[in-house]
Amino acid sequence: MNIAFFDTKPYDYIWFEPLSKEYGYEIRYCDYRLGADTAVLAKGYDVACAFVNDNICAETVGVLKKCGVRMLAMRCAGYNNVDVAAAAKAQLPVVRVPSYSPSAVAEHTAALLLSVNRKTHRAYYRIRDNNFSINGLMGFDLAGKTAGIIGTGQIGSIFADIALGFGMRVLAYDPFPKEDQLEYVPLDRLFTASDVISLHCPLTPDTYHMINKRRVKEMKKGVVILNTSRGALIDTEALLEGLIDGQIGGAGLDVYEEESDYFFEDRSGEIIRDEELSRLLTLPNVLVTSHQAFFTREAMQAIAMVTLENICALEQGRPLENTILPRS
Ligand code: NAI
């Protein structure tokens, strides 16, 4: 099998190259993101391999099919950037890595919470500047506070355990609750009762902008918002308004609605033209990381292993276990 690998970063090569040799697969590593204009690079390859900010719209699917690509292998869990219906119509199987390290993402969420609350990101810079003042760095005890967790799948349920470990009360919302394990409440109640709200649901038409102006007004004053899921779960304008008027006490964001132009890239020599991102980055109570919640050794190894195993299933004509199917 030969694989056209889009949006390659140095760490992808480190994990995929040795393993692909064991499978006897040839990988062409492209820096370009996969989209309608770059899909032609997959001509002559069996598989196109893509990541979270590639754009696999209907047009991209059409070009991949014309190029003879037999499968799209997403090397990630989320697939909101794939037109799954178009792929199904074109009979292009799409596979993903449904689980690589849910702990990695849940632990990063906890890191964001601890940092935003106790302001360690600001303390770090102060101390480096010989400024040992602690004025303005006061946080609050997590113990005894309420964490509202939206989406209690693999990642959300681990984050719930972490929050319980901090001595927090956990309220959860999920259309498919794990009945016996957590205290599930309606979404309205979760928004009004939580001191910390953490998003762990997929991005779908139902969850798009689930945090919006109305929701922000309903939240407890000083609430901390955490999003390690997908940027478009939050209406950034509503978040900014809430942060600026003090309704929201802080935000830890590993994802951002318009992240695709910036995240994963070194733009240190350039001017950020995205005004909402620029404004977010000026706020002391906001910590943004660049979609790195998944980024542990264990997760990278699992991503490479499962992606290549997905491709091997195609090669050997076995059932594709990790196929993404259109929503019915
Ligand atoms: P999962 O599929 O195990 O869990 C998602 C949960 O969300 C399910 O229990 C589902 O029932 C629930 N859900 C569906 N619709 C919902 C709604 N309208 N409201 C509330 N809950 C809803 O997925 P997993 O592995 O826990 O991942 C969660 C999200 O984390 C993914 O969708 C992905 O976007 C994101 N992610 C982010 C990473 C990062 O590096 N920042 C890495 C991996 C995943």
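The values are calculated or read from the model by the stated rules, or taken from the named source; none is laboratory data. Everything quoted here is computed from the prediction, not taken from an experiment. Please note: Cβ atoms are built from the backbone with ideal geometry, for glycine as well, and neighbour counts cover all protein chains shown.
Of the conditions (1) of a type outside the set (S, T, N, Q); (2) crowded, with 20+ Cβ neighbours inside 10 Å; (3) without any contact (Cβ under 8 Å) to a residue 60 or more places away in the chain, residue 252 satisfies every one except a single condition; which number is it?
(3)
State yes or no: is residue 118 closer than 23 Å to residue 194 by Cα and of a type in the set (D, E, K, R)?
yes
Taking segment 268-301 as the search range and keeping residues that are in contact with a Ser or Thr (Cβ under 6 Å, 6 or more places away or on another chain) and of a type in the set (A, V, I, L, M, F, W, C), which one is modelled with the lowest pLDDT?
272
Give 197, 271, 225 a once-over and let me know the one that is of a type in the set (A, V, I, L, M) and over 19 Å from the mean Cα position of the chain (by Cα). It would help to see each step written out before you state the result.
Values: 197 fails: over 19 Å from the mean Cα position of the chain (by Cα); 225 fails: over 19 Å from the mean Cα position of the chain (by Cα).
After applying the criteria, what remains is 271.
Pairs only if they're at least six apart or on different chains, beta carbon under 7 angstrom, first in segment 259-285 and under 15 Å from residue 234 (Cβ atoms), second acidic (Asp, Glu) and surrounded by 11 or more Cβ atoms within 10 Å (Cβ to Cβ); list them, first residue then second.
274/258; 274/261; 276/237; 277/258
Which condition number in (1) within 13 Å of residue 4 (Cα to Cα); (2) surrounded by fewer than 19 Cβ atoms within 10 Å (Cβ to Cβ); (3) under 19 Å from the mean Cα position of the chain (by Cα) is the one that residue 43 fails?
The failed condition is (3).
Counting just the residues of segment 41-54 that are away from the ligand (no atom under 16 Å from the Cβ) and touching a residue at least 40 places away in the same chain (Cβ under 8 Å), which one comes out nearest to residue 12 (Cα to Cα)?
Filtering segment 41-54 for residues away from the ligand (no atom under 16 Å from the Cβ) gives 41-49.
From the residues that got through so far, the ones that are touching a residue at least 40 places away in the same chain (Cβ under 8 Å) too are 44-49.
Working: 44: 22, 45: 18, 46: 19, 47: 16, 48: 14, 49: 11 Å.
The residue in question is 49.
Residues in segment 118-138: is at least one touching a residue at least 60 places away in the same chain (Cβ under 8 Å) and within 19 Å of residue 231 (Cα to Cα)?
Within segment 118-138, none of the residues are touching a residue at least 60 places away in the same chain (Cβ under 8 Å) and within 19 Å of residue 231 (Cα to Cα).
Just give me the residues in segment 293-325 being exposed (fewer than 15 other Cβ atoms within 10 Å of the Cβ) and either part of a helix (DSSP H, G or I) or within 16 Å of the ligand (Cβ to nearest atom) (or both), in sequence order.
297, 298, 301, 312, 316, 321, 325
Give 78, 68 a once-over and let me know the one that is assigned to a loop (DSSP other than H, G, I, E, B), small (Gly, Ala, Ser) and within 16 Å of the ligand (Cβ to nearest atom).
78 is the lone residue from the list that is assigned to a loop (DSSP other than H, G, I, E, B), small (Gly, Ala, Ser) and within 16 Å of the ligand (Cβ to nearest atom).
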